[in-house]
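Please treat every number below as a calculation from the coordinates, not as lab data. None of these values were measured; they are calculated from a predicted model. As a convention, Cβ positions derive from the backbone with ideal geometry for all residues, glycine included, and neighbour counts pool all protein chains shown.
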Amino acid sequence: MTSTAFADHHDQLVGMAKGIVATVSTGSSEALRDLPAQRMALSKMVNVHCGEEIALINAHAPRLRDDPAKTALIRRFHDELLAWRGDLMECNASWPQRKVTSDPDGFLTVFNGLSERLQARVRWEEKAFYPAVLGRMVRGNA
């Protein structure tokens with residue numbers, strides 16, 4: 001997996017999350033028909049991206065084991081990723097389509113928080129984590 005591919009994945013994930021927010025924000029029952037497919041696509045992309053990302057980090061972890069700062073960053077990477085993914089799964093389980101349709105504002109309260117955390121996570125990975133742990137940027141200096 002190349003740095004450019006990770007940046008592309010990040011853009012797709014953020015775009016998908018924003019698309020879900022836009023769909024629910026319209027309030028249109030016609031637009032909401034697309035929501036299950038959007039949510040499924042996001043979940044699938046999260047799984048693909050995280051699998052590839054975790055494999056890359058785990059491949060580099062043995063050579064970083066003696067550096068406490070990098071080991072701490074890798075632990076943070078895994079802990080925060082697991083927490084976010086767990087929260088996404090909880091959102092998906094707690095907000096079936098009919099509940100979103102009946103309480104779109106409630107869903108948006110929960111999902112906007114996930115979307116904002118995703119965007120912050122992408123920024124952290126690209127600007128702090130990858131340069132520190134892998135010695136390279138995800139964007140720009142790939």
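The set of residues from the stretch 93-108 being loosely packed, with under 14 Cβ neighbours inside 10 Å and either in contact (Cβ under 8 Å) with a residue 24 or more places away in the chain or not aliphatic (A, V, I, L, M) (or both) comprises 94, 96, 97, 98, 99, 102, 103, 105, 106. With respect to the conditions (1) loosely packed, with under 11 Cβ neighbours inside 10 Å; (2) under 18 Å from residue 10 (Cβ atoms), residue 86 falls short on a single one, namely (2).
Beta carbons closer than 9 Å, at least 6 apart along the sequence or on distinct chains, pair a first residue in the stretch 38-52 that is in a helix (DSSP H, G or I) with a second that is aromatic (Phe, Trp, Tyr) for 39/95; 46/84; 49/6; 52/6.
In the stretch 58-73, the residues that are under 16 Å from residue 131 (Cβ atoms) reach residues that are in a helix (DSSP H, G or I) and of a type in the set (Val, Ile, Thr) with C-beta atoms within less than 7 angstrom, at least six apart or across chains, in these pairs: 60/133; 64/71; 64/74; 64/133; 70/133; 73/133.
So which residues in the stretch 22-31 are surrounded by 17 or more Cβ atoms within 10 Å (Cβ to Cβ) and of a type in the set (A, V, I, L, M, F, W, C), if there are any at all? Break it down stepwise before answering.
Pass one, the stretch 22-31, residues surrounded by 17 or more Cβ atoms within 10 Å (Cβ to Cβ): 23-24.
Of everything in the stretch 22-31, just one residue is surrounded by 17 or more Cβ atoms within 10 Å (Cβ to Cβ) and of a type in the set (A, V, I, L, M, F, W, C), namely 24.
Do we have any residue at all in the stretch 91-107 that's under 13 Å from the mean Cα position of the chain (by Cα), within 21 Å of residue 24 (Cβ to Cβ) and part of a helix (DSSP H, G or I)? Taking every residue of the stretch 91-107 in turn, none turns out to be under 13 Å from the mean Cα position of the chain (by Cα), within 21 Å of residue 24 (Cβ to Cβ) and part of a helix (DSSP H, G or I).
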